[in-house]
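Step one of this worksheet: look at the structure below.
The values are calculated or read from the model by the stated rules, or taken from the named source; none is laboratory data. What you see is a predicted model; the values in this text were computed from it and never measured. Backbone-built Cβ (ideal geometry, glycine too); neighbour counts: all protein chains shown.
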Amino acid sequence: MTDSIATKLKQASEGLFFLSETDAPFEVISWQAQGELTQAKLLQLVEHPPDALIEVVSVEDFFEVSTQEEDWHEQDERETAKRFQNLVSVLKQNLLQLQVYQVGSVSIDAYIVGVTPGGDWAGLSTKLVET
């Protein structure tokens, strides 16, 4: 992965927390490409068992609540929504074939992964809790 993509992802996600029953930061992830990124290969890369529950969702669906500006939002909530909108934009501008892989249930590891122009896999990871 090019350093510039890692830098852009780090800058866009810095200080943001994915809101669920726990607020978790984002971490930049990258792997050398080895063919197509399949669910089985992702589970192997992130060291989850091959039979782990995995759900694939779009970037838009994953960030839907975070990027929405509501009439009742305070100024800081609007600014956070704008930062999440920017994060989604940075992901889409720098990575192709973007998907979000949610691994597990209740305590979920989320991997927002796409392909760099150089063909490697990169993105962000975070955790969410859904009970």
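Restricting to region 14-32, name every residue that is closer than 14 Å to ALA122 by Cα and of a type in the set (Gly, Ala, Ser). Reasoning before the result, please.
Step one: list which residues in region 14-32 are closer than 14 Å to ALA122 by Cα, which gives 26-32.
SER30, the sole residue that qualifies.
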* Asked: Out of region 1-19, which residues are at pLDDT 90 or above and assigned to a strand (DSSP E or B)?
  -> PHE17
* Among the residues of region 1-34, how many are more than 14 Å from the chain's Cα centre (by Cα), small (Gly, Ala, Ser) and within 22 Å of GLY119 (Cβ to Cβ)? -> 2
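Just name the residue that is surrounded by the fewest Cβ atoms within 10 Å (Cβ to Cβ) out of those in region 20-46 that are of a type in the set (A, V, I, L, M) and not in a loop (DSSP other than H, G, I, E, B).
Residues of region 20-46 that are of a type in the set (A, V, I, L, M), as a first pass: 24, 28-29, 33, 37, 40, 42-43, 45-46.
Then drop every residue that is not not in a loop (DSSP other than H, G, I, E, B), which leaves 24, 28-29, 40, 42-43, 45.
Working: ALA24: 18, VAL28: 16, ILE29: 18, ALA40: 10, LEU42: 20, LEU43: 17, LEU45: 15.
Here the answer is ALA40.
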* Yes or no: LYS92 basic (Lys, Arg), closer than 18 Å to ALA6 by Cβ and touching a residue at least 24 places away in the same chain (Cβ under 8 Å)? -> yes
